[in-house]
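Written below as structure tokens is the structure these notes are about.
The values are calculated or read from the model by the stated rules, or taken from the named source; none is laboratory data. A quick note: this is a predicted structure, and the numbers were derived from the prediction, not measured. Counting neighbours? That spans all protein chains shown, and the Cβs are built from the backbone with ideal geometry, glycine included.
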Ligand SMILES: Nc1ncnc2c1ncn2[C@@H]1O[C@H](COP(=O)(O)OP(=O)(O)OP(=O)(O)O)[C@@H](O)[C@H]1O
Ligand SMILES: [Mg+2]
């Protein structure tokens, strides 16, 4: 077990967002978090990564309390890609290299450069190496920040809507890649998504949030028409199409 | 590709080397020129302790401390502005916009008038005498630190956002200016002249002792900022991303702002107010060398040194023997250059 969340609750002043969130993530898990806009998916990821401080509950990563680790030790264990990106005047290479930040003492080592190069090759960013971030398309930028998180080599990867501005090919490739990294390095990924079909294709575990609480959690069996309808208030049918489950609104 | 990146960083290192060479050249020129002109070889001889006693004395005791003061103050102010702009994520942050310069002016006025250490004398070159410069320096320093601590407390305990801290600084600055004005209003003209004279920054106020103190502060601060360069880079990608990368954002920001303000306090209390360098030095370099603090910090420091040193040299040679206020010359020389760089945009490659 790589991540254990117990009794997590979070309020913004005057507004309760999350209550009593409990779940566990194992090594090699790809967990999709599903729920409507504003249900608290981003808030939950930020609580896990200590960007926000929950009012109740504990988060354990590899049996260590996230709130007792130093920031730098936490960054070696958990990587986070936020939903919104800024575009400082850096090159793609420097932006990915920044993923090595938790390991840098005085200057980057050859190993840091090596890892950066590998990750950039994995995501086919090599041709963009010297382009500036503000000269990239939305999708290209999204790949850069995903690359930065991979260069960080954490045990748990948190991605907040990583595929929202990617095209069909890149959606598939990025999610496939995350899946591959999770399996080969035995780490875990927690990914918020709005596209149910992508979720059922690449994730094996699902967490459905409704009204700030967990509505359903588990494997593919929780993606039932009844569950989806009560979370999104849209009637759907779940079909098998060439061995792949598809969620179709009706 | 790896080669491309190497070429890209080499270009930045070259720019830094060029800036160093330019600073050194201007420094030699500045030591040579003045009411008594020397050749470069005489300057070099005097610097290594040879040559005739007159040139030796002028170079070692008058010109060199002044030139070093220019290099140190330019570097310190510019790098302080660079870190303030990064830490507050606001391109307008600078010693001036954060109200620190106004606080220093208030502190000096307070010492000269209320503590009564300033008078005026009737000589053409040095009309104003400040009887107890240490008291003025100390008072300026204390008030800059009061302003700094006020802003940091507002940020830490009253939740003023980093972006709003520049606004808080502007408000604080106008408060200090109001205080200065009120004091000046009730003061005889001679003392008002002394207070205004103090606010015109002047590199000539530094003797060897001040130069050593400034050197110690600026060098330590530069090392500290360089040590934090990766944190500042991470901060540029946004606060949340920086936290995700292991940066203790609040602590880095508090320490960075305090260190930058301390540098400004030391330099300003010794030399008076020197505006513009702190705002413009880092921005010029962002446009030429990019936002990466690995290169931006040393480049900003050198740019500040070069700008201030060149301005001071012009200020004291253009209508010699009159020495024009260096702050004004800095703006005269820096503003057109800066406007040109603004219109040209960022040089990406
Ligand atoms: N800084 C804030 N102050 C107050 N309320 C906030 C703040 N940020 C978010 N909220 C509220 O908290 C709730 C949860 O927000 P959150 O960003 O976690 O939603 P989300 O599930 O990620 O939504 P989306 O799918 O649109 O990204 C929302 O109702 C939102 O309005
Ligand atoms: Mg969200």
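Would segment A:36-44 turn up any residue that is within 23 Å of residue A:101 (Cβ to Cβ) and either within 13 Å of ligand 1 (Cβ to nearest atom) or surrounded by 16 or more Cβ atoms within 10 Å (Cβ to Cβ) (or both)?
Checked segment A:36-44: at least one residue is within 23 Å of residue A:101 (Cβ to Cβ) and either within 13 Å of ligand 1 (Cβ to nearest atom) or surrounded by 16 or more Cβ atoms within 10 Å (Cβ to Cβ) (or both).
Go through segment A:27-110 and tell me which helices (runs of 4 or more DSSP H), entirely inside it, have 1 or more residues that are more than 18 Å from the chain's Cα centre (by Cα), more than 16 Å from ligand 2 (Cβ to nearest atom) and facing chain B (nearest Cβ under 8 Å).
Working: elements: A:41-48, A:71-77, A:92-97.
Counting at least 1 such residues, we get A:71-77, A:92-97.
Has segment B:220-232 got at least one residue that is assigned to a loop (DSSP other than H, G, I, E, B), closer than 30 Å to residue A:141 by Cβ and facing chain A (nearest Cβ under 9 Å)? It would help to see each step written out before you state the result.
Going residue by residue through segment B:220-232, those that are assigned to a loop (DSSP other than H, G, I, E, B) are B:228.
Now narrow it down to the ones that are closer than 30 Å to residue A:141 by Cβ: B:228.
Checking the rest, the ones that are also facing chain A (nearest Cβ under 9 Å) come to none.
There is no residue in segment B:220-232 that is assigned to a loop (DSSP other than H, G, I, E, B), closer than 30 Å to residue A:141 by Cβ and facing chain A (nearest Cβ under 9 Å).
Out of curiosity, is residue A:130 surrounded by fewer than 22 Cβ atoms within 10 Å (Cβ to Cβ) and either part of a strand (DSSP E or B) or within 19 Å of the chain's Cα centre (by Cα) (or both)?
Here the answer is no, as residue A:130 does not meet what is asked.
Return yes or no: is residue A:135 out of contact with any helix residue (DSSP H, G or I) (no Cβ under 8 Å at 6 or more places or on another chain) and within 16 Å of ligand 1 (Cβ to nearest atom)?
Values: out of contact with any helix residue (DSSP H, G or I) (no Cβ under 8 Å at 6 or more places or on another chain): yes; within 16 Å of ligand 1 (Cβ to nearest atom): no.
When the stated conditions are applied, residue A:135 does not pass them.
Per-residue answers, yes or no, for (1) under 30 Å from residue B:140 (Cβ atoms); (2) buried (at least 21 other Cβ atoms within 10 Å of the Cβ); (3) touching a residue at least 12 places away in the same chain (Cβ under 8 Å):
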site: B:222; (1), (2), (3): yes, no, yes
site: B:232; (1), (2), (3): yes, yes, yes
site: B:247; (1), (2), (3): no, yes, yes
site: B:250; (1), (2), (3): yes, no, yes
site: B:256; (1), (2), (3): yes, yes, yes
site: B:263; (1), (2), (3): yes, yes, yes
site: B:266; (1), (2), (3): yes, yes, yes
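Quick check: anything in segment A:153-173 assigned to a helix (DSSP H, G or I) and either within 16 Å of ligand 2 (Cβ to nearest atom) or under 25 Å from residue A:51 (Cβ atoms) (or both)?
Checking segment A:153-173: not a single residue is assigned to a helix (DSSP H, G or I) and either within 16 Å of ligand 2 (Cβ to nearest atom) or under 25 Å from residue A:51 (Cβ atoms) (or both).
So that you can scan it fast, the table gives a plain yes or no per residue for (1) under 20 Å from residue B:94 (Cα atoms); (2) within 14 Å of chain A (Cβ to nearest Cβ):
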residue	(1), (2)
B:269	yes, no
B:276	yes, no
B:282	yes, yes
B:316	no, no
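State yes or no: is residue B:166 modelled with pLDDT of 95 or more and within 23 Å of the chain's Cα centre (by Cα)?
no
Conditions: (1) within 21 Å of residue B:197 (Cβ to Cβ); (2) modelled with pLDDT of 85 or more. Residue B:123 meets all but one. Number of the miss?
Result: residue B:123 fails condition (2) only.
Could we say that residue A:115 is more than 10 Å from chain B (Cβ to nearest Cβ), modelled with pLDDT of 90 or more and crowded, with 22+ Cβ neighbours inside 10 Å here?
no
Take the residues in segment A:118-127 that are within 11 Å of chain B (Cβ to nearest Cβ) and assigned to a helix (DSSP H, G or I); name whichever of them is surrounded by the fewest Cβ atoms within 10 Å (Cβ to Cβ).
Across segment A:118-127, the extreme among qualifying residues is A:127.
Could you list all residues from segment A:67-88 that are more than 16 Å from ligand 1 (Cβ to nearest atom), in contact (Cβ under 8 Å) with a residue 40 or more places away in the chain and over 30 Å from residue B:287 (Cβ atoms)? Outline the logic, then answer.
Within segment A:67-88, the first condition is being more than 16 Å from ligand 1 (Cβ to nearest atom), and the residues that meet it are A:67-79, A:86-88.
Filter again for in contact (Cβ under 8 Å) with a residue 40 or more places away in the chain, leaving A:75-79, A:87-88.
Within segment A:67-88, A:75, A:76, A:77, A:78, A:79 qualify.
Would you call residue B:340 surrounded by 24 or more Cβ atoms within 10 Å (Cβ to Cβ) and over 19 Å from the mean Cα position of the chain (by Cα)? Reasoning before the result, please.
Details: surrounded by 24 or more Cβ atoms within 10 Å (Cβ to Cβ): no; over 19 Å from the mean Cα position of the chain (by Cα): yes.
Considered against the rule, which asks whether it is surrounded by 24 or more Cβ atoms within 10 Å (Cβ to Cβ) and over 19 Å from the mean Cα position of the chain (by Cα), residue B:340 comes out as no.
Between B:18, B:14, B:64, which is more than 30 Å from residue A:88 (Cα to Cα) and at pLDDT 85 or above?
Numbers: B:18 fails: more than 30 Å from residue A:88 (Cα to Cα); B:14 fails: more than 30 Å from residue A:88 (Cα to Cα).
Just one listed residue meets the conditions, B:64.
Which residue pairs have Cβ atoms closer than 8 Å, lie 6 or more positions apart in sequence or on different chains, and pair a first residue in segment A:187-199 that is on the phi < 0 side of the Ramachandran plot with a second residue that is at pLDDT 95 or above and more than 14 Å from ligand 2 (Cβ to nearest atom)?
Close Cβ pairs satisfying both conditions: none exist.
Among the candidates A:56, A:62, A:26, which residue alone is in contact with a helix residue (DSSP H, G or I) (Cβ under 8 Å, 6 or more places away or on another chain) and more than 10 Å from ligand 1 (Cβ to nearest atom)?
Details: A:56 fails: in contact with a helix residue (DSSP H, G or I) (Cβ under 8 Å, 6 or more places away or on another chain); A:26 fails: in contact with a helix residue (DSSP H, G or I) (Cβ under 8 Å, 6 or more places away or on another chain).
Within the list A:56, A:62, A:26, the selection yields A:62.
Give the residues of segment A:176-194 that are within 16 Å of ligand 2 (Cβ to nearest atom) and farther than 14 Å from residue A:80 by Cβ, sorted by residue number.
Within segment A:176-194, A:193, A:194 meet the criteria.
Looking only at residues that are in contact with a strand residue (DSSP E or B) (Cβ under 8 Å, 6 or more places away or on another chain) and over 18 Å from residue A:204 (Cα atoms) in segment A:1-15, which one is nearest to ligand 2 (Cβ to nearest atom)?
Per the criteria, the residue is A:10.
Within segment A:142-165, track down each residue that is more than 12 Å from chain B (Cβ to nearest Cβ), out of contact with any strand residue (DSSP E or B) (no Cβ under 9 Å at 6 or more places or on another chain) and crowded, with 20+ Cβ neighbours inside 10 Å.
A:143, A:147 - these are the residues of segment A:142-165 that are more than 12 Å from chain B (Cβ to nearest Cβ), out of contact with any strand residue (DSSP E or B) (no Cβ under 9 Å at 6 or more places or on another chain) and crowded, with 20+ Cβ neighbours inside 10 Å.
When you look at residue A:150, is it closer than 20 Å to residue B:286 by Cα, away from ligand 2 (no atom under 16 Å from the Cβ) and not in a loop (DSSP other than H, G, I, E, B), yes or no?
Working: closer than 20 Å to residue B:286 by Cα: no; away from ligand 2 (no atom under 16 Å from the Cβ): yes; not in a loop (DSSP other than H, G, I, E, B): yes.
For residue A:150, the condition - closer than 20 Å to residue B:286 by Cα, away from ligand 2 (no atom under 16 Å from the Cβ) and not in a loop (DSSP other than H, G, I, E, B) - is not met.
Can you report the number of residues in segment A:179-191 which are closer than 24 Å to residue A:64 by Cβ and touching a strand residue (DSSP E or B) at 6+ places or on another chain (Cβ under 7 Å)?
Total meeting the criteria: 6.
Quick check on this structure: which one of B:204, B:244, B:238 is away from chain A (no Cβ under 13 Å) and at pLDDT below 95?
Checking each option against the conditions leaves just B:204.
Residues to consider are B:8, B:29; find the one that is within 14 Å of chain A (Cβ to nearest Cβ), surrounded by 16 or more Cβ atoms within 10 Å (Cβ to Cβ) and assigned to a helix (DSSP H, G or I).
Just a single option satisfies the conditions, and that option is B:8.
When only residues in segment A:195-227 that are within 16 Å of ligand 1 (Cβ to nearest atom) and either assigned to a loop (DSSP other than H, G, I, E, B) or out of contact with any strand residue (DSSP E or B) (no Cβ under 8 Å at 6 or more places or on another chain) (or both) count, which is farthest from residue A:19 (Cα to Cα)?
A:198
Go through the residues of segment B:67-81 one by one and say whether even a single one is more than 17 Å from residue B:272 (Cβ to Cβ) and modelled with pLDDT under 90.
no
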